[in-house]
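Chemist: Got a structure here, written out as structure tokens. Questions coming.
The values are calculated or read from the model by the stated rules, or taken from the named source; none is laboratory data. From a predicted model like this one, the values you see are computed outputs, not experimental measurements. Cβ coordinates were reconstructed from backbone atoms using ideal geometry, including for glycine residues, and neighbour counts include every protein chain displayed.
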Amino acid sequence: MDKLSGGITEVNPWKYEQLEIAWAGSQVVPRNASWRSEISPNGVLACPAWLKMPWLLTLDPMTYQEDGETDDDMIYRADLAALAGAVRRFVESGKPGVAAVFVYAVRPHMRSQFWRFADDLGSQAEIAVVSCWLTHQGGNRNLAALLCSRFEFSPGQLPVGVRFGRD
């Protein structure tokens with residue numbers, strides 16, 4: 001833990017308290033806040049101006065929704081511009097890294113909308129998108145958009161059961 005730095009957000013007070021305990025004394029700063037407020041330039045999830053090492057930005061909302069803009073446990077198309085700006089600042093650091101967006105239990109009719117969101121995110125952040133998925137209940141899928149900057153991701157690096165691609 002002494003080689004990690006950055007931030008973690010959690011809106012649930014009990015989970016936040018556990019994160020504070022787990023990361024006490026480290027350079028990782030938990031914040032009892034939404035990720036949406038903390039990707040801003042002064043937030044704990046923002047790319048620091050002094051970044052001199054590889055980076056990882058992960059988001060794991062419950063699922064993707066095309067419509068909406070509530071500050072809740074989903075990710076929406078309305079989040080695209082702010083998220084792209086945050087990712088682009090990491091890319092512009094020139095350091096290798098990955099921004100990973102995981103969504104769960106995505107129904108078949110929503111998959112193409114999430115992948116379009118991921119492609120738009122990659123385009124706006126000027127970063128390559130790698131797509132992966134895992135089977136979920138009832139024909140649904142857990143999806144991952146891995147936005148890789150100066151980092152090559154190959155199918156051999158995926159855990160057992162995780163599939164490379166979009167189908």
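Chemist: When you go through (1) closer than 17 Å to G165 by Cα; (2) of a type in the set (V, I, T); (3) at pLDDT 95 or above one by one for V87, which number turns out not to apply?
Modeler: With (1) closer than 17 Å to G165 by Cα; (2) of a type in the set (V, I, T); (3) at pLDDT 95 or above applied to V87, the lone miss is (1).
Chemist: Here is a further query. Taking region 109-137 as the search range and keeping residues that are out of contact with any strand residue (DSSP E or B) (no Cβ under 8 Å at 6 or more places or on another chain) and either part of a strand (DSSP E or B) or free of Cβ contacts under 8 Å to residues at least 40 places away in the same chain (or both), which one is farthest from P54 (Cα to Cα)?
Modeler: Taking the candidates together, the pick is H109.
Chemist: How many of the residues making up region 1-22 are of a type outside the set (V, I, T), part of a helix (DSSP H, G or I) and loosely packed, with under 11 Cβ neighbours inside 10 Å?
Modeler: Adding up the residues that qualify gives 2.
Chemist: Count, please, the residues in region 29-76 that happen to be assigned to a loop (DSSP other than H, G, I, E, B) and either exposed (fewer than 15 other Cβ atoms within 10 Å of the Cβ) or not small (G, A, S) (or both).
Modeler: Qualifying residue count, region 29-76: 28.
Chemist: Now, a different point. Any residue in region 77-87 that is in a strand (DSSP E or B), touching a residue at least 40 places away in the same chain (Cβ under 8 Å), hydrophobic (A, V, I, L, M, F, W, C) and surrounded by fewer than 19 Cβ atoms within 10 Å (Cβ to Cβ)?
Modeler: no
Chemist: Still on this structure, I have one more. Can you confirm whether region 10-18 contains a residue that is within 13 Å of the chain's Cα centre (by Cα) and within 24 Å of A118 (Cα to Cα)?
Modeler: No, the conditions are met nowhere in region 10-18.
Chemist: From G122, G139, grab the single residue that is touching a helix residue (DSSP H, G or I) at 6+ places or on another chain (Cβ under 8 Å) and among the small types (G, A, S).
Modeler: Exactly one of G122, G139 is touching a helix residue (DSSP H, G or I) at 6+ places or on another chain (Cβ under 8 Å) and among the small types (G, A, S), namely G139.
Chemist: Of (1) in contact with a Cys (Cβ under 9 Å, 6 or more places away or on another chain); (2) at pLDDT 90 or above, L158 satisfies all except one. Which?
Modeler: Looking at each condition in turn, L158 falls short on (2).
Chemist: List the number of the failed condition for A99; all other conditions in (1) exposed (fewer than 13 other Cβ atoms within 10 Å of the Cβ); (2) in contact (Cβ under 8 Å) with a residue 12 or more places away in the chain hold.
Modeler: It fails just one condition, (1).
Chemist: For region 138-151, indicate whether the set of residues that are part of a helix (DSSP H, G or I) and either within 17 Å of T63 (Cα to Cα) or modelled with pLDDT of 95 or more (or both) is non-empty.
Modeler: yes
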